[in-house]
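Structure first, commentary second.
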Amino acid sequence: MKKTILFLFVCLAQISWAQSSELLQYISQDAMYTFVLRPQNLSDKANWSEVQEYPAIKEFSRGFGPAMGANEPDFFKDLFQNPQKLGINLEQNSYFLFNSDINMDYGTEIKAQLIAPLADAQKFEAVCKALFKEEELKNKSQKDGYNWLQVQGFSLAWNAKVLFVFASTPENFFAPESQEINYMKQFNMFQKCINMDSQESLNNLKVYNDWEATVRDMGAWLNYERFMRLYAQGAEGLNRELGREAAMFMREIMPLMLSMYGDLYAGMDLSLEKGKIVAESKFYGNQDYINLYSDIANSKANTKVLNYLDGQNTVFYTYTHFSPEGTYEGLKKLAQKKAGPQSDIVDRLFKFMEIFIDEKASFNFLKGDLFIAFNGLSMQKYVDKDYVYNEENDNYEMVEREVEEPLPNFVVGASYGNKKDILNLIEIVEILGFATKIKSNKYEISLPQSPKFYLVLDGNLLLFGSDKDRLINGKKYKKMDSKHKAYLKNDNQTIFFSPENAIALVDRVNSLKPNTFSERELKEMKRFAKGLKDMSVHTYKPQNAPYILQEMTWELENKEENALNTFFRFVNELYLSTQKGM
């Protein structure tokens, strides 16, 4: 199995792409995950002549053959410098497929396959001779116009144009007949590929082809219906154990769930660029889902939260805003439309819930946004209680001691509508003895054996956090860059992380409380953060687009160098540091 994994890895590492692909005819629309590989896009993104001379790359090349257990390990020594010797066509798309099912007898069953174009079948056969022993190659035969080889738990099929590699989990690792059963399974996978109905292939799925045309360095496609069917298989098995009623409920509700997810897909794309790494995820659905998202997203950001972000020390924050009323009404409309024969059940469920819900009051309690931020740290005192053994009376006695520790300055906030309802809730906390009013709209929260926390009402913003200077004393933070205001206004969800501020926080922890982190731990953290700047994730719906978009951008310190070059240099430096430490 080790050879299987390594062989797939080296193929994936060398394969590239073209604008269109004939290989989609072999891929079912029903595949759970489809990965499209385009390393040819990377040809101009790194200084390959320099990378090939890195000690780490040379060592990888030298060690690849022995790690594979190859019959001729020296064959693979120059593979990184000469990938054409694999015989794979470096001018066309290649694909990696992954499927999973639940088998009630032995658990999760995994099936994977690589589909790649061949440029030179003779070169690929030379790879097989270098990889496998002579007695293993005697099993090679002809199947439906393809060379067919089953060896060491996986199967290969190829002709002059295309290569298939099939891998799957055996039904029982310890059963003698297991490998033969597994080989039969892989042969069935092969037959399905070469006899694919054109109407069922990805060639005939427009939304996939539209997405693949936008993929840059590599991408992954998820079929949500296939994913939900796997979930349904697992849920049925679980509910059989839980009882007849639970199983009956799952059988009733599962058609609705499958119908709701049946039109949903996700396409994820990664691009290594100058001075940054960019990843995009596009979530596709029919017009019903687009309308639902519009209902959910029908809200405005509360930019007042920016007052509680520290432009100098914020390590992380996330802000999400949505419409509670739009979410409820949108889900209600969608569920009723998708329910089909179960529409009466869905309608009754919503009517039943509305008996207990005052919709107007509920949607005006909290307005549908939430933010969390970590803004550096400060020394905080609290009373800790512990039990100490008393030798005189041979008993344990509770002892109180004042503790001072560096703790994160965090704040959690949400917008509210009806202040009277919020104050009623706070009064309950006061009666329970956990809250004490300090000033108008400002409260101290006391919990056993913990630092003090603070609850504040600022306009229409409810805040809970640990930074007394900011929340109670009104100390102002340094303003965040203006781009963060644009993030909040344009996004439905924003996530931000600063590695630079995280390392500064770790250094400060060690200065306030020495040896919290060892010198080696600090060194490793700084090594991994070296060259990394801010990371941000943005989720929103582009105007007139048939998808919801999530963009992740990780800025790098060196704006003139491509991220791929930065990656290889990092790997080489990491390798060299491990050699020095040996």
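Numbers for the structure displayed
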quantity	calculated
Tensor-based shape of segment 315-467 (alpha-carbon gyration tensor, a/c under 1.5 rounded, otherwise prolate or oblate)	prolate
Angle in degrees between helix 499-512 and the longest Cα principal axis of the chain, rounded to the nearest 10	50 degrees
Most to least accessible of 458, 217 (protein chains only, probe 1.4 Å)	458, 217
Potential extension, residue 135-residue 476 segment - 0.36 nm per residue separation minus Cα distance	115.2 nm
Burial ranking of peptide ranges 476-483, 330-337 (average Cβ count within 10 Å, highest at the top)	330-337, 476-483
Anisotropy class of the chain from Cα gyration tensor, a/c 1.5 cut	prolate
Whole-number percent relative contact order across the chain, with pairs defined as alpha carbons under 8 Å at least 6 apart	14 percent
With every protein chain in place, segment 49-206: carbon and sulfur % of accessible area (1.4 Å)	50 percent
Residue-normalised accessible area of segment 365-493, given per residue in Å² at a 1.4 Å probe	60 Å²
FRET efficiency, 1/(1 + (r/R0)^6) with R0 60 Å, evaluated for residue 177 and residue 387 via beta carbons	0.50
Stretchable slack from residue 200 to residue 307, in nm (0.36 nm times residue separation minus alpha-carbon distance)	33.2 nm
FRET efficiency, 1/(1 + (r/R0)^6) with R0 56 Å, evaluated for residue 358 and residue 108 via beta carbons	0.80
Contour minus Cα-Cα distance for residue 347 and residue 513 (0.36 nm per residue)	53.9 nm
For residue 467, residues with placed amide H under 5 Å, excluding near neighbours	410
Segment 463-474 - phi-based ³J(HN,Hα) in whole Hz, Karplus 6.51/-1.76/1.60, Gly and Pro as x	10, 9, x, 10, 8, 5, 4, 7, 7, 9, 8, x
Per-residue HN-Hα couplings for segment 281-290 [Karplus 6.51, -1.76, 1.60; θ = phi - 60°; Hz; x = Gly/Pro]	10, 10, 9, 9, x, 6, 4, 4, 6, 4
Angle between the chain longest axis and helix 121-131 axis [Cα atoms, degrees, rounded to 10]	70 degrees
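The values are calculated or read from the model by the stated rules, or taken from the named source; none is laboratory data. Everything numeric here is computed off the predicted structure, so don't read it as measured data. A quick note on method: Cβ atoms are made from the backbone with ideal geometry, for glycine too, and the neighbour counts reach across all protein chains shown. With ligands, DNA and RNA removed, areas are computed over all heavy atoms of the protein, side chains included. Shrake-Rupley method; radii C 1.70, N 1.55, O 1.52, S 1.80 Å.
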